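Novice: A single structure is presented below for examination.
Throughout, read-outs are computed from the coordinates displayed, never taken from laboratory work. In this text the structure is predicted, and so the values were computed from the model without any measurement. Please note: Cβ atoms are built from the backbone with ideal geometry, for glycine as well, and neighbour counts cover all protein chains shown.
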Amino acid sequence: MDETPQRVLVVTPHPDDAEVWCGGTVARWARLGAAVHYVLCTDGGRGTDRPGVTSQELAATRQQEQLEAARLLGVKDVAMLRHPDGELEDNAVFRKELVRQVRLVRPGVVLCPEPYRRNLAWHRDHRITGQVTLDAVFPYARDHLHFAELWRDEKLEPHKTAAILFWGAELPDTFIDIGGVMDQKLKALRCHRSQMAHRPPTELDALVRDRAKEAAVTAGNGCQYAEAFRKVTFRT
Ligand SMILES: [Zn+2]
């Protein structure tokens with residue numbers, strides 16, 4: 001995928017998922033002039049194996065880390081839905097929140113987790129975020145009679161998104177060259193100190209570079225580093 005979308009919406013279940021899976025794409029597109037917006041679905045308050053830390057303390061730390069990382073990548077803003085970590089549901093409340101964000105941002109491309117992995121385990125919040133985002137984009141954000149009150153009361157007009165890029169897909173078909181922004185991605189990842197404490201930074205860097213190299217090999221277009229996605233398109 002070569003063209004840079006004008007507006008991008010990234011729907012991330014937890015703080016750090018976006019940086020891990022699409023931080024390079026975000027940095028690249030922001031640098032090329034795209035307006036990139038994040039929606040952070042949960043508060044991230046349960047992502048630790050450290051005893052003694054409360055969920056509230058962890059959530060506050062992780063939300064700060066997310067803001068720092070997003071700033072570093074050139075993201076315009078981060079909307080926080082603050083659902084409890086691990087408790088996302090495929091229901092009308094969550095779907096409406098995402099429809100609201102789609103209609104506010106009016107993206108050309110939405111980035112979110114792959115909901116339908118077959119053989120690789122995946123966090124429940126990731127599956128649900130992917131599935132509800134897909135539904136929110138099409139048809140709920142597109143058709144004015146879904147959540148009609150969003151148009152009537154909040155003046156949020158229906159919006160047609162051109163494509164979703166699912167990260168974490170088992171069979172990716174779309175690759176973004178992140179060779180020029182790898183350092184920026186690594187820096188953004190290091191903002192998530194609460195998640196990286198047990199791992200030396202050099203080890204983390206090597207892991208990220210290895211994964212991006214693998215994606216570049218699969219892409220087969222000669223780039224050094226890439227991020228990989230499964231693309232779903234909608235007629236606009
Ligand atoms: Zn996650």
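Novice: Could you check what % of the DSSP bridge pairs in the chain are antiparallel, to the nearest 5? Each step should come with its number before you reach the end.
Specialist: Numbers: 9 of 28 bridges.
If we restrict to bridges inside the chain, about 30 percent are antiparallel.
Novice: Let me ask something else. Counting only pairs 8 or more places apart or on different chains, how many lysine pairs in the chain have C-alpha atoms closer than 26 Å?
Specialist: Lysine pairs meeting both conditions in the chain amount to 14.
Novice: Please give the charge dipole size of the range 68-128, origin at the Cα centre, charges +1 on K and R Cβ atoms and -1 on D and E Cβ atoms. Round to the nearest 20 debye.
Specialist: Charge dipole, the range 68-128, about its Cα centre: 300 debye, nearest 20.
Novice: Considering only the other residues whose Cβ falls under 9 Å of the Cβ of F234, what net charge follows from Lys and Arg at +1 and Asp and Glu at -1? Working shown, then result.
Specialist: Numbers: positive: R142, K160, R235; negative: none.
Neighbourhood net charge equals +3.
Novice: Under a GNM of the chain (C-alpha, springs under 10 Å), which listed residue has the highest mean-square fluctuation: C22, C41, C223?
Specialist: Per the Cα network of the chain with a 10 Å cutoff, C223 tops the list.
Novice: Gap in Å between the Cα centre of the range 124-201 and the Cα centre of the range 68-115?
Specialist: Using only Cα atoms, the two centres lie 6 Å from each other.
Novice: Oh, and also: I need the GluC sites (Glu not before Pro) found in the range 1-105, filtered to DSSP loop residues with at most 15 other beta carbons within 10 Å of theirs.
Specialist: Hits after loop and neighbour filter: E3, E87, E89.
Novice: Given only helices, namely DSSP H runs of n ≥ 4 each adding -39500 (n - 2.57), what is the per-residue ellipticity at 222 nm of the chain, to the nearest 500 deg cm²/dmol? Write down the numbers at each step before the final one.
Specialist: Numbers: 8 runs with 99 residues, N = 236.
For the chain, the value works out to -13000 deg cm²/dmol.
Novice: Give the residue from G33, Q195, F94 lying farthest towards the positive end of the charge dipole for the chain; charges sit on Cβ (+1 for Lys and Arg, -1 for Asp and Glu) and the dipole is referred to the Cα centre.
Specialist: G33
Novice: Also: Looking at the chain, identify the longest residue range that excludes and avoids all chymotrypsin sites (Phe, Trp or Tyr not before Pro) in DSSP loops having at most 16 other Cβ atoms within 10 Å.
Specialist: That gives 1-115 as the longest site-free run.
Novice: If I take the Cα coordinates of the chain and project them onto the principal axes, what are the three extents in Å, biggest first?
Specialist: 52, 48, 35
Novice: Let me ask something else. Using the charge dipole of the range 137-185 (Lys, Arg: +1 at Cβ; Asp, Glu: -1 at Cβ; taken about the Cα centre), state which of T161, L145, Q184 has its Cα farthest towards the positive end.
Specialist: My answer, from the dipole projection, is L145.
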